[in-house]
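Asks: The structure's right below; bear with me while I get my questions together.
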Amino acid sequence: VQLQASGGGLVQVGGSMRLSCVASARTFSGVIMAWFRRAPGKEREFVAAQTWSGRSTRYAVSVKGRFTISVDMAENTVYLEMNSLKPEDTAAYYCAGRDGSVLHTSSDEYVYWGQGTLVTVSS
């Protein structure tokens, strides 16, 4: 599975941005898709995860209520809608995937990775 992330850029505090991650064609039944981020000088951290079916989701406490992960099965695309952005959301964002049904928050559990897309929130 190959993942291609896009949509990053510069946004002001309080603004919104949507990231996209296109997955290469295959059968995605039983796949978990997730977003992680790495801020400058910090470890990579979990942001959100969802089953490909969309039935289950999980969010980091820091983004819950502001970010929404979603899947467009017809387009093989995972989105991360980010609202009410804060300077601390500045990071390189990565989409990731794994086979299975558990919404893991550890990056070690994910085997498919896209390249990062940089999001900068300016104050």
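Asks: Rounded to the nearest percent, how much of the accessible area of the chain (1.4 Å probe, protein heavy atoms only) is carbon and sulfur?
Replies: On the chain, the fraction of accessible area on carbon and sulfur atoms equals 46 percent.
Asks: Given R₀ = 22 Å, FRET efficiency for Ser62-Gln2 by Cβ-Cβ distance, to 0.05?
Replies: Approximately 0.15, to the nearest 0.05.
Asks: How high is the FRET efficiency between Ser123 and Asp99 when r is their beta carbon distance and R₀ equals 41 Å, given to the nearest 0.05?
Replies: Efficiency, from the Cβ-Cβ distance: 0.55.
Asks: Leaving out ligands and nucleic acids, and using a 1.4 Å probe, what accessible area per residue does the stretch 71-123 come to in Å²?
Replies: 47
Asks: Moving to a separate point now. Determine the principal axes of the Cα atoms in the chain, then give the extent along each, sorted from largest to smallest and rounded to whole angstroms.
Replies: 42, 26, 25
Asks: How much length is gained on full extension from Arg38 to Ser16, taking 0.36 nm per residue of separation minus their Cα-Cα distance?
Replies: Full-extension gain reported as 6.0 nm.
The values are calculated or read from the model by the stated rules, or taken from the named source; none is laboratory data. Note that the structure is a prediction, hence the values are computed from the model and not measured. For neighbour counting, all protein chains shown are included, and Cβ atoms are generated from backbone atoms with ideal geometry for every residue, glycine included. Heads up: the accessible areas ignore ligands, DNA and RNA and are worked out on the full protein's heavy atoms, side chains in. Shrake-Rupley method; radii C 1.70, N 1.55, O 1.52, S 1.80 Å.
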